[in-house]
Amino acid sequence: MEHRISPNEVVLAYSSSGELSVKFGFKLYLPISGESVPVMTPALKEPPSTMKNPTGAEHPEFLATQTWEAVQHLLDETEKYIKGRRAQGNLFESDAK
């Protein structure tokens, strides 16, 4: 099944209280038709700190801890990119110095 799934989108949303939710988009290849269809997961929330390791079967509204950690890593790397700590220059620094 893994070879049929191509991730292509991560959608982040913050509630008015600052709670983060995440949706994942991907293309699912259907071998019978030879085509791919777009799929979007429901919005999943950050697991509460009191919850050890939620799973979809027990707590379908929360991301699993491992997935949440991967999202946090993605956000950290994105922030580094925006601040110019990656291969490109600073995206918000003025050229006139």
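Dipole orientation for region 1-86: of the candidates HIS73, THR50, MET1, HIS73 has the Cα lying most toward the positive pole (charges on Cβ; Lys, Arg +1; Asp, Glu -1).
At an R0 of 41 angstrom, the distance between the Cβ atoms of SER49 and ARG4 translates into a FRET efficiency of 0.70. With the simple spin-label model, which puts each label point 7 Å out from Cα in the Cβ direction, the GLU77 to GLU19 separation comes to 2.8 nm. Here each label is just a point 7 Å from Cα along the line to Cβ, and for VAL39 and VAL11 those points are 1.6 nm apart.
Since every read-out is calculated from the coordinates, none of them should be taken as a lab result. Given the structure is predicted, the values throughout are model-derived calculations rather than measurements. In this analysis, Cβ positions are derived from the backbone assuming ideal geometry, glycine residues included, and neighbour counts consider all displayed protein chains.
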